[in-house]
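The values are calculated or read from the model by the stated rules, or taken from the named source; none is laboratory data. Because the structure is a prediction, the values reported are computed rather than measured. Quick reminder, even Gly has a Cβ in these numbers, built from the backbone with ideal geometry, and neighbours come from all protein chains shown. Side chains are part of the model used for accessible areas, which takes the heavy atoms of the whole protein and leaves out ligands, DNA and RNA. Shrake-Rupley method; radii C 1.70, N 1.55, O 1.52, S 1.80 Å.
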Amino acid sequence: MAFELTILGSSSATPTSERYPTAQVLNMLGRFFLIDCGEGTQMQIRRQKIGFGKIKHIFISHLHGDHYYGLIGLISTFNLLGLKNDLHIYSPSQLKEIIQPQLDFLKGDLQFNVIFHPLNFKKPQLIFEDKKVEVVSFPLKHSINCCGFLFREKEKEANIKKECIQQYNIPIAQIVKIKQGADFITEEGETIPNEVLTTPPPPPLSYAFCSDTAFYPPVADVIQGVNLLYHEATFTEELRDWADKTYHSTALDAAKIAQMAHAGKLILGHFSSRYESAEPFLMEAKTVFPNTEDVVDGKTYVI
Ligand SMILES: [Zn+2]
């Protein structure tokens, strides 16, 4: 089952000729999560050939326009396409005040429910879970309330060894229990310990999205051991004053968070349009965290 991230937009503040404002789609075992929704998101979704109907959960980190101005257009398209599924939006509570009047203007024409879930800016919070995955929001340090999101698989079941099924003649009904940790008692009354019968499951995978933020070490605790980390890097150390003034990170800040979190890989985006290329960001980040890449619109990362 796929667990992969596609970058739809990676610019900061305004679109450029090469980058759309922030938006990403995470395909997590067949669940399609839209993370931020900058202007132009629906065109990028089309280009990536992602079915609109698959997106039922949208996560908005904060209410700076480059992170959500694509939302009302996307909702309108869902409606024009005749989609009927409930749409869940996890965002700062004020987003409802902004979007709802536009939805109300449609009166009875909107064919699905839009359900707003307010984020908590004081502490990490579990905001979504089902049988296999969970999503946790966590506070960042920006000029307005802002959250990051951690998407992680739940602990998987152990694998049962095929040779043991034959050797001990294990009935199918028992296999489910053994996978969940039970021992097995043979017909002769002998107890076979679970660790003899199973191999441990692969470790759960995770992805963290660190949206606009100043350097904020508490994040590293929340996302500890994350496989793939997106962290904004709007500036390099050369413009440290600007980073501090605007509550943004430098590439070095992002690399430090990746290192503290023991991340598997770091991807950087949200570059200021003052820079002509991502090269200075990469050079700076790699001095601390070598496994760093810059994101490019349209690129997919397998987790
Ligand atoms: Zn912002």
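Excluding T236 itself, what net charge comes from residues whose Cβ is under 11 Å from its Cβ, given Lys and Arg +1 and Asp and Glu -1?
-3
Whole number please: convex hull volume per residue of the Cα set in the stretch 77-225, in Å³?
For the stretch 77-225, the hull spanned by Cα atoms encloses 172 Å³ per residue.
Calculate how many DSSP beta bridges within the chain are antiparallel, expressed in % of all such bridges and rounded to the nearest 5.
55
Straight-line reach from K49: which lysines have a Cα under 22 Å away, not including same-chain ones fewer than 8 places off?
Correct list for K49: K84, K299.
Ordered by residue, what ³J(HN,Hα) values in Hz, to whole numbers, does the stretch 12-26 give under the Karplus form 6.51 cos²θ - 1.76 cosθ + 1.60, where θ = phi - 60° and Gly and Pro are x?
Per residue, the Karplus-derived 3J(HN,Hα) values read 10, 6, 10, x, 10, 5, 10, 10, 7, x, 4, 6, 9, 10, 10 Hz.
When the scattering of the stretch 106-190 is computed by the Debye formula from its Cα atoms alone, each counted once and equally, what is log10 I(q)/I(0) at q = 0.24 Å⁻¹?
The calculated log intensity ratios at q = 0.24 Å⁻¹ are -1.12.
How would V288, V136 line up by accessible area, probe 1.4 Å, largest first?
Values: V288 40, V136 15 Å².
Ranked list, largest accessible area first: V288, V136.
Return the loop-located trypsin sites (Lys or Arg not before Pro) in the stretch 41-81 (DSSP other than H, G, I, E, B) with at most 10 other Cβ atoms within 10 Å of their own Cβ; answer none if there are none.
Numbers: sites: R46, R47, K49, K54, K56; in loops: K49.
When the trypsin sites (Lys or Arg not before Pro) of the stretch 41-81 are filtered for loop state and at most 10 Cβ neighbours within 10 Å, K49 remain.
Does the stretch 56-113 come out rounded, prolate or oblate, given a ≥ b ≥ c as the square roots of the eigenvalues of its C-alpha gyration tensor, rounded meaning a/c under 1.5 and, failing that, prolate meaning a/b above b/c?
Here the stretch 56-113 falls in the prolate category.
Tell me the Kirkwood radius of the stretch 237-276: reciprocal of the mean inverse pair distance over distinct alpha-carbon atoms, in Å.
Hydrodynamic radius (Kirkwood, Cα pairs) of the stretch 237-276 is 11.1 Å.
Which log10 I(q)/I(0) values, to two decimals, does the stretch 209-255 give at q = 0.14, 0.25 Å⁻¹ under the Debye formula with one point per Cα?
-0.31, -0.86
Relative to the compact-globule scaling 2.2 N^0.38 Å, provide the ratio for the alpha-carbon radius of gyration of the stretch 164-220.
2.00
For the stretch 38-135, what mean projected area does the convex hull of the alpha carbons give, in nm²?
Value for the stretch 38-135: 6.9 nm².
What FRET efficiency would be calculated for the residue pair E237, M1, taking the C-beta separation as r and a Förster radius of 35 Å, to the nearest 0.05?
0.30
Take the stretch 140-256, drop everything but the C-alpha atoms, weight them equally and run the Debye formula without solvent; then report log10 I(q)/I(0) at 0.11, 0.18 Å⁻¹ to two decimals.
Each listed q corresponds, in turn, to -0.56, -0.86.
Please work out how much length the chain gains when fully extended from M283 to E97, using 0.36 nm per residue of separation minus the C-alpha to C-alpha distance, in nm with one decimal. All intermediate terms of the calculation are to be shown ahead of the outcome.
Details: separation 186, 0.36 × 186 = 66.96 nm, distance 4.22 nm.
Value of the extension gain: 62.7 nm.
Return the single residue from D253, D36, D109 with maximal mean-square fluctuation; model: Gaussian network over the chain, springs between Cα atoms under 10 Å.
Top of the fluctuation ranking is D109.
Taking only C-alpha pairs under 8 Å that are 6+ residues apart, what is the relative contact order of the chain in percent?
On the way: 666 pairs, mean separation 49.7, N = 303.
It comes to 16 percent, rounded to a whole number.
Quickly estimate the mean residue ellipticity at 222 nm for the chain, helices only: each DSSP H run with n ≥ 4 gives -39500 (n - 2.57), and the total goes over all residues, rounded to 500. Mind dumping the intermediate values first?
Values: 10 runs with 77 residues, N = 303.
Result for the chain: -6500 deg cm²/dmol, rounded to the nearest 500.
Starting from the Cα coordinates of the chain, work out the convex hull volume and express it per residue in Å³.
153
Whole-Hz Karplus ³J(HN,Hα) for the stretch 237-252, in order, using 6.51 cos²θ - 1.76 cosθ + 1.60 and θ = phi - 60°, x for Gly and Pro?
Here the 3J(HN,Hα) series is 4, 3, 10, 3, 4, 5, 4, 5, 5, 9, 6, 10, 9, 8, 4, 5 Hz.
I want to verify a result. In a Gaussian network model of the chain, Cα cutoff 10 Å, which of these has the top mean-square fluctuation: H262, H248, H270?
Most flexible of the set in this elastic network: H262.
Suppose each label sits 7 Å from its Cα in the direction of the beta carbon; what would the K245-S17 distance come out to in nanometres?
2.8
How many angstrom lie between the C-alpha centres of the stretch 113-157 and the stretch 43-109?
Each part reduced to its Cα centre gives a spacing of 18 Å.
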